[in-house]
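Note sheet for the following structure.
The values are calculated or read from the model by the stated rules, or taken from the named source; none is laboratory data. Quantities reported herein were computed from a predicted structural model and do not represent experimental measurements. Please note: Cβ atoms are built from the backbone with ideal geometry, for glycine as well, and neighbour counts cover all protein chains shown.
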Amino acid sequence: MSDEVEVRARLARLPHPPMPASVTAAIEARLAEERTVIPITRSHRSRLNWLVAAAAAVAFVSLVGVSTSSSPTPVAQTPVIRAGAVFEPAGFAEQLRSRMGNEGSSAPTATFADSAAGITACMNAIKGYGPVMSADAGTYGEANAVVLVTRYVGNAQYEEVWVVAPDCGTSQTVVMRHILVDVDS
Amino acid sequence: MTATDAELLAAHVAGDADAFGELFTRHRDRLWAVALRTSGSPEDAADALQEAMIAAFRRAGSFRGDAAVTTWLHRIVVNACLDQHRRRKSRPTTTWIESLHEREYDRDDVANRELQIELERALATLPDDQRAAIVLVDVEGYSVDETARILDCAPGTVKSRCSRGRARLAARLLEVRNPDGGGSVLPPRQGGGS
């Protein structure tokens, strides 16, 4: 396969994440305003910012996979946020499995994982698409790190694990490790 | 019977309060995909897409029907995204410093996912005109002629931009597979295990 043909084939297979609920809500709200009288004294930009901010909670809910539906059988799943993790590069997958089995309790981590905006920024930086299932803050080898586990978009057989620096999503994003975990193994 | 895009747009112009919203709902995911990869960040894509939808809402009366409604919508979205991207170029960008990418399992899926990430990152670094052409033709599957109408340029220009962009992307994939250089084209990595 030539380089160009391979590039085209890979581009065609890039995932197509659906429009986030927060963006849909903001645009639909804005279009609803357009259908009424537009108050010309208000800045469109400030309204957009307000709408985006107001929708941030919805975005987080969407990101982390929490169902807000009034369905009688909601699949509620909040990300587990844990502090104090100690991971070593050797045998990492086994350590992770063990820790995932211990739900523990959510706790502040003093990292980006403490806020919805922080998790969103990190996911954007690492090109992660799947909903976040857990964030374990602590150390990975000698380094401070956060281990994010997300669902793998496109194949439920896998979960995606990212070991990132605690300031992921800010000026510099460091991905220390990135693996797919076969959930059936 | 489901209304066509053109019928919805005409209904909107005629005063139907719900028609444009239905048009937006029908095409929003594809418009989002284009905006996301043309803008380079979800935040910029959200801003640009909202700006574009409001522009389309207001300018619907100017649609002359000489192209598909989706082509018209995409043209507005791509232009808004490129404008946004030009305005934001001075903004600090996130720098990736990867210490390590490893494969825990000897599976093609893992290698493919890594290449996918590299490809997305490389795509974001292409010049605006090349990125927009590649997003529309290679990622979204539009024909060269339709992409030319969206980007308001000649089909030959689209082909040229795609070709130059693909060459850059291919070079990046080669670097990923062959980080020590050497210039030879190596076969795709097939996972390595740890």
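Before moving on, here are some points about what is shown:
- Note on the range B:37-57: residues that are on the phi < 0 side of the Ramachandran plot and more than 7 Å from chain A (Cβ to nearest Cβ) amount to 11.
- Some residue of the range B:35-55 being touching a residue at least 60 places away in the same chain (Cβ under 8 Å), closer than 29 Å to A:Ala12 by Cα and part of a helix (DSSP H, G or I): yes
- Some residue of the range A:114-133 being in contact with a strand residue (DSSP E or B) (Cβ under 8 Å, 6 or more places away or on another chain), part of a strand (DSSP E or B) and at pLDDT 80 or above: yes
- Residues of the range B:148-174 that turn out to be in contact with an Asp or Glu (Cβ under 7 Å, 6 or more places away or on another chain) and either more than 14 Å from chain A (Cβ to nearest Cβ) or β-branched (Val, Ile, Thr) (or both), as a count: 1
- Considering residues of the range B:1-20 that are surrounded by fewer than 19 Cβ atoms within 10 Å (Cβ to Cβ) and within 15 Å of A:Glu28 (Cβ to Cβ) only, the residue nearest to the other protein chains (Cβ to nearest Cβ): B:Ala17
- Failed criterion for A:Ala85 (all others in (1) outside the structural domain of A:Ala143 (by TED's automatic domain parsing); (2) modelled with pLDDT of 85 or more; (3) closer than 30 Å to B:Val176 by Cβ hold): (1)
- Evaluated against (1) in the same structural domain as A:Val161 (by TED's automatic domain parsing); (2) of a type in the set (A, V, I, L, M, F, W, C); (3) modelled with pLDDT of 80 or more, A:Ala93 falls short on exactly one condition, (3).
- Checked against the criterion of being part of a helix (DSSP H, G or I), of a type in the set (Ser, Thr, Tyr) and modelled with pLDDT of 85 or more, the range A:55-67 contains not a single residue that satisfies it.
- The residue of the range A:162-172 that is modelled with the lowest pLDDT, among those that are surrounded by fewer than 22 Cβ atoms within 10 Å (Cβ to Cβ), in contact with a helix residue (DSSP H, G or I) (Cβ under 8 Å, 6 or more places away or on another chain) and on the phi < 0 side of the Ramachandran plot, is A:Thr170.
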